[in-house]
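Encoded as structure tokens, the structure appears first; notes follow it.
The values are calculated or read from the model by the stated rules, or taken from the named source; none is laboratory data. Owing to the predicted nature of the structure, the values given are computational and were not obtained by experimental measurement. Because the Cβ atoms are built from the backbone with ideal geometry, glycine has one as well, and the counts that use them run over all protein chains shown. These accessible areas exclude ligands, DNA and RNA; they are computed on the full protein's heavy atoms, side chains included. Shrake-Rupley method; radii C 1.70, N 1.55, O 1.52, S 1.80 Å.
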Amino acid sequence: MTHPELATAPAAAPRVRLSESAVQRLRAAVRGELIEPEHAAYEEARQVYNAMHDRRPALIVHAAGVADILAVVRFAAEQGLALAVRGGGHSVPGFGTCDGGVVLDLRRLRGIRVDPARRRVRAEGGCTWGELDHATNAFGLATTGGVVSTTGIAGLTLGGGMGYLSRRCGLSCDNLVSADVVTADGRFVTCSETREEDLFWALRGGGGNFGVVTSFEYRLHQVGDIYGGAIFFPVEGDILRSFQDRIAGAPRKLGAVFAFTKAAPLPFLPAEWHGKPVCAVIACWSGAIERGEKAVAPLRRLGPVAGAFIDRMPYPQINTLFDELLPAGLRQYWKGNFVRRLTDEAIAAHVDHAARTPTIESGTFLVPIDGACHAVAPEATAFATRDARFSTVIAGAWPDRADDEANVRWVREYWAALRPHSEEGGYVNFMSADDQDRVESNYGGHYQRLVAIKSRYDPANLFRVNHNIRPLA
């Protein structure tokens, strides 16, 4: 079977002819820009973050507001078209585009309003974490985001949302207070713990299956400057083993991500390490700044240090460290797993495959999800695996189409070697487009409740360009 990431070029995709009268009615109903294949901007507008996904939608709409979203959702439902929703535009599985359907692009919707007195922020669905972090940092506040500033807030939050503040503040979805949503039947609803409670539960981890979230309201925490950065080590199993033990006993205000990668030519890393496989720990102490050096010190003692950059910095800066390494337009393929404990066998598999990391852009990342993540009741949100210790992603990234097969093979072989030592499911935001067969295991005991909510809010499965939870109908 041909996997989606290795499918043929979109020239073979069927051309969908939309009803001209229906398109004209839609054009009259929206203030944003409608782009059809004949439009001069079409080739640029159809491009997405991951160049592996070269799709040709029948129509792209850059929404100017909620009224446009309502009109596009109703149009797609009436015309029986696939609807791809593009939030921050960072979807590695390519769910921000489709062949022959409608792309609803929210990236012009980037309004942010911070309420420092209540420690709340409301942000529109096209915002990125870099934009949200910048807005809240002005008030010495933050909430859990990702580890790349160009990631959209929508996709990350709807899948759960992990980052450097997870151990202290919980997942992004744990900090979601309310959400404005356009549902499949063209309604606009606000959901929270007390309004449309089932929908609110499903949004917190259930992905993009339930509607278009036009704005997110988050709880904020006091986070100003942090003490952190990157520490590099040789690829040794004992370093990962020690990291597992030390992060387990660390204060919650110490966030850290463990990585296997190839060393980029960084000024603080000796030249002999450039291009070689390394272990890295990216640390983020968000407590009292004067305690930062002492808090991070145990991570510096994991093994012989090849190079390090650790300093005081504004919190938003820690989320920019990978930005230049992972620009839009690379070819990417990911697979992920949840892990309750890193066994000796799993660590040996990591060392074996990490030593063959194919490109500087590629890497394997282990994100701790203990601390505050474990303090949330397992049934409180759709995010299902509250007892895991790590979320692992094997992230292949490379620039040249000719290298597709070799890089995808590296990810799959690495993932297969880890699978006997991992949980059945994984984090939905670390999945590729060919992981549809894992959807049920990703949600475990929550899956049937998600199916029931999907059947209520989207019985015709309009929102199916995602890791799809299929309605009963």
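Among the aspartates and glutamates, which have Cα under 14 Å from the Cα of LYS335 when same-chain residues fewer than 8 positions away are ignored?
Straight-distance partners of LYS335: GLU5, GLU413, GLU423, GLU424, ASP434, ASP435, ASP437.
Over the Cα atoms of the chain, what Rg and Dmax result, in angstrom?
21.6, 68
Counting only protein heavy atoms, what percent of the accessible surface of the chain is carbon or sulfur at a 1.4 Å probe?
51
Calculate for the chain the 222 nm mean residue ellipticity that helices alone would give, adding -39,500 (n - 2.57) per DSSP H run of length 4 or more and normalising by residue count, nearest 500 deg cm²/dmol.
-7500 deg cm²/dmol
For the chain, what is the accessible area per residue in Å², given a 1.4 Å probe and the full set of protein chains?
38
What ³J(HN,Hα) values, in whole Hz, does the Karplus curve 6.51 cos²θ - 1.76 cosθ + 1.60 give for the range 326-343 when θ = phi - 60°, with x put for Gly and Pro?
Going residue by residue, I get 10, x, 4, x, 6, 9, 9, 8, 10, 9, x, 8, 8, 9, 8, 7, 7, 6 Hz, with x marking Gly and Pro.
Let me check against my output: what whole-number percent is the relative contact order of the range 156-210, with C-alpha pairs under 8 Å and at least 6 apart?
Relative CO of the range 156-210 lands at 37 percent.
Around SER242, under 11 Å between beta carbons, what's the net of Lys plus Arg minus Asp minus Glu among the other residues?
Summing Lys/Arg as +1 and Asp/Glu as -1 gives 0.
What whole number of Å gives the distance from the Cα centroid of the range 395-473 to the Cα centroid of the range 340-384?
Cα centroid to Cα centroid, the span is 16 Å.
Using DSSP to call loops (not H, G, I, E or B), can you name the GluC sites (Glu not before Pro) in the range 170-220 whose Cβ has at most 13 other Cβ atoms within 10 angstrom?
Counting only loop positions with at most 13 other Cβ atoms within 10 Å, the GluC sites (Glu not before Pro) in the range 170-220 are GLU193.
Taking the alpha-carbon distance from LYS253 and a cut-off under 17 Å, which aspartates and glutamates remain once sequence neighbours fewer than 8 residues away in the same chain are dropped?
Straight-line reach from LYS253, under 17 Å: ASP174, ASP225, ASP245, GLU290, GLU293, ASP311, ASP370.
On C-alpha positions alone, give me the angle between the axis of helix 237-248 and the longest principal axis of the chain, in degrees, nearest 10.
Helix 237-248 and the main axis of the chain meet at about 70 degrees.
Between helix 66-79 and the chain, what is the angle of the helix's C-alpha long axis to the longest principal axis, kept within 0 to 90° and rounded to the nearest 10?
70
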